[in-house]
Amino acid sequence: VEPWGLISLKHAAWLAGLGSFGRSGMVYHPTYGARLRLGAVVTTAELDAGEPLVVPSCPEECRRCSEACPCGALAGEGFDKMACLAHTIRHGIYPVTLRSEEGLRHMELIINTAGYNYWVKCCECLMVCPLNLERA
C-alpha cells in the first residue's frame, strides 16, 4: 500500500504547464529544475488551462540520482516512494505509520493532522542532478 493524496500535485503541475517529468519521477521546471515544493488550492472556479510543458528530460546516460540515493529508491525501474519516505521524512509518528497496514491506509489523514511538524533528512538526488546544477 502506498500513500496517495486526493490529487497528484506532480501531475497537476505537469498538466498546468509548470514542468515535465524526469527519470526520478520528479517534476522539472525550466528555471528551478526539481527544486520545487508543490501546493494546490481546490476550487470550482473556471480557469484557463495551459499546455503541458516540455523541458529537457534526463540525459539518457545520466544515473547520478540513482547512484547518490542512499536508500536505493531509484535503483530499479521507476521510483520506490515508500523506501524514499521511510529514509527521508523525519517525524516521531512516521515510523509507526509506515510499519502497519492501518497506518499506511490512513497515512494521508495522519500526515495532515499529526504530522505537520516534520523535516526532510535527505535530498541527495536533488544535489547531484544536472538539471538542477545547470540552473543553480
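The values are calculated or read from the model by the stated rules, or taken from the named source; none is laboratory data. On a predicted model such as this, the values are computed, not experimentally measured, just so you know. Heavy atoms of the whole protein, side chains included, go into the accessibility calculation; ligands, DNA and RNA do not. Shrake-Rupley method; radii C 1.70, N 1.55, O 1.52, S 1.80 Å.
Under the Karplus relation 6.51 cos²θ - 1.76 cosθ + 1.60, θ = phi - 60°, what is the ordered set of whole-Hz ³J(HN,Hα) values for segment 29-37, x standing for Gly and Pro?
8, x, 9, 9, x, 9, 7, 10, 10
Compute the length gained on full extension between Leu133 and Ala86: take 0.36 nm times their separation in residues and subtract their Cα-Cα distance, giving the result in nm to one decimal.
On the way: separation 47, 0.36 × 47 = 16.92 nm, distance 2.62 nm.
Result for the pair: 14.3 nm of gain on full extension.
Convert each backbone phi in segment 77-83 into a coupling constant with the Karplus relation 6.51 cos²θ - 1.76 cosθ + 1.60 (shift: θ = phi - 60°), then list the ³J(HN,Hα) values in order as whole Hz, x for Gly and Pro.
Going residue by residue, I get 7, x, 10, 8, 4, 5, 5 Hz, with x marking Gly and Pro.
Measure off, as a whole percent, the carbon and sulfur share of the 1.4 Å-probe accessible area of segment 42-82, all protein chains present.
The value for segment 42-82 is 51 percent carbon and sulfur by accessible area.
From largest accessible area down, sort Leu131, Leu9, Leu126, Leu15; use a 1.4 Å probe on the protein chains. It would help to have the intermediate numbers written out before the result.
Values: Leu131 10, Leu9 60, Leu126 30, Leu15 95 Å².
Ranking Leu131, Leu9, Leu126, Leu15 by accessible area, largest first, yields Leu15, Leu9, Leu126, Leu131.
Using amide H atoms built in the peptide plane, which far-off residues or other-chain residues are under 5 Å from Ile89 H to H?
Amide H neighbours of Ile89: Lys121.
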